[in-house]
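The values are calculated or read from the model by the stated rules, or taken from the named source; none is laboratory data. Nothing here was measured: the structure is a model prediction, and the numbers come from that model. Glycine gets a Cβ as well: all are built from the backbone with ideal geometry, and neighbour counts include every protein chain shown. All accessible areas refer to the heavy atoms of the entire protein, side chains included, with ligands and DNA or RNA removed. Shrake-Rupley method; radii C 1.70, N 1.55, O 1.52, S 1.80 Å.
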Amino acid sequence: MFSLLIDTSGPYSTVAVAQDAVVSGMSAILGRPAEKVHSQIKATLRATGIALSSLDSVTIVTGPGSWTGLNIGVTAAKTLAQVLRVDVLPISSLDALVAGRTWRYSRLCAVLSAGRGRVYRAWYDTDRGGTAQSGHHDAEVLTAEALEAELAQADGSALLIEYGKTVGSTLKYCSGIVQVLRLSPEAMIAAAAHALPLGPEEAITLTPAYMQASLAERDAKR
């Protein structure tokens, strides 16, 4: 089984090919990368010797993240699903940040910048072995101050995982900080293991999980 993995949510555009959940090859480009994602897909497939027609699924990071990047990446994934008649596996960038990670305490917090001093945030519990449980249900947009208040309520035992340089250097109430500059193919594979596959027709309605709408709503209420 061959899967194409695409992430255009952050400063890097990452494209990878996996066979049976093992990475066969990948490419990561920094700097307005999403504009080159189609040629990046072709180059990655060519380098791994895998034909486009051999793909069985497409895993796509749907956000939150860069508005332009997410739209380009999601559109590319939906187009491939239609042309190849394969499933799309949509995954959250926040889920991918914590996928497969372990923490000796009970909770992990994934964050990435939402601009204007705010962050996208999701909390994750761990199982008895300390492995993060995927499938968050509380992704929100918060100010850095509100995030620090949440971390304080967690008694400072939380592990903060930030996508890029977010707010970690300004926070006091967390036990550890991990900075991730790009989502690895292995993290995307781990997150995709819990994703709900969308058939080619279902994928037509897939949209990026870009939460700026909630930002506008909050600002309007002030």
- [ ] For segment 159-174, just list the computed ³J(HN,Hα) in residue order, Karplus coefficients 6.51, -1.76 and 1.60, θ = phi - 60°, integers in Hz, with x standing in for Gly and Pro.
- [x] 9, 9, 10, 10, 8, x, 7, 9, 10, x, 5, 9, 9, 10, 9, 9
Task: Pairs of alpha carbons in segment 12-90 whose separation is greater than 20 Å (percent) - done: 26 percent
Open item on the list: Treating only the Cβ of Lys, Arg, Asp and Glu as charged (+1, +1, -1, -1), what charge dipole size does segment 95-180 show about its Cα centre? Round to the nearest 20 debye.
Closed with: 240 debye
TODO: Rounded to whole Hz and in sequence order, give me ³J(HN,Hα) for segment 191-203 from the Karplus expression 6.51 cos²θ - 1.76 cosθ + 1.60, θ = phi - 60°, writing x for Gly and Pro.
DONE: 5, 5, 4, 10, 7, 8, x, 10, x, x, 6, 5, 5
- [ ] Give me the compactness ratio for segment 139-201, meaning the Cα radius of gyration over 2.2 N^0.38 Å.
- [x] 1.43
Task: Separation of the V83 and V178 label points, Cα + 7 Å toward Cβ, nm - done: 3.5 nm
- [ ] Pop out the ³J(HN,Hα) list for segment 62-71 in order, Karplus 6.51 cos²θ - 1.76 cosθ + 1.60 with θ = phi - 60°, rounded to Hz; leave Gly and Pro as x.
- [x] 9, x, x, x, 5, 4, 5, x, 4, 5
- [ ] Work out, in µm²/s and without decimals, the Stokes-Einstein translational diffusion coefficient of segment 17-150 at 25 °C, 0.890 mPa s, Rh from Kirkwood over C-alpha pairs.
- [x] 146 µm²/s
- [ ] Could you work out how far the C-alpha centroid of segment 32-76 sits from that of segment 136-213, in angstrom?
- [x] 21 Å
Open item on the list: Using 10 Å bins from zero, what percent of all Cα-Cα pairs in segment 95-180 falls into each bin?
Closed with: 20, 58, 22, 1
Open item on the list: Taking 0.36 nm per residue of sequence separation and subtracting the Cα-Cα distance, how much length would be gained by fully extending the chain between R128 and S157, in nm to one decimal?
Closed with: 8.8 nm
TODO: Please list the non-local residues whose amide H lies under 5 Å from the amide H of S66, H modeled 1.01 Å from N, same-chain partners needing a gap of 5 or more.
DONE: G10
Task: Sequence-distant residues sharing a close amide H with I161 (under 5 Å, placed H) - done: C109, A110, V111, V178
- [ ] Quantify, in whole percent, the carbon and sulfur part of the accessible surface of segment 1-122 (1.4 Å probe; protein heavy atoms only).
- [x] 54 percent
Task: Candidate aspartates and glutamates - alpha carbon under 17 Å from K36, same-chain residues fewer than 8 apart omitted - done: D7
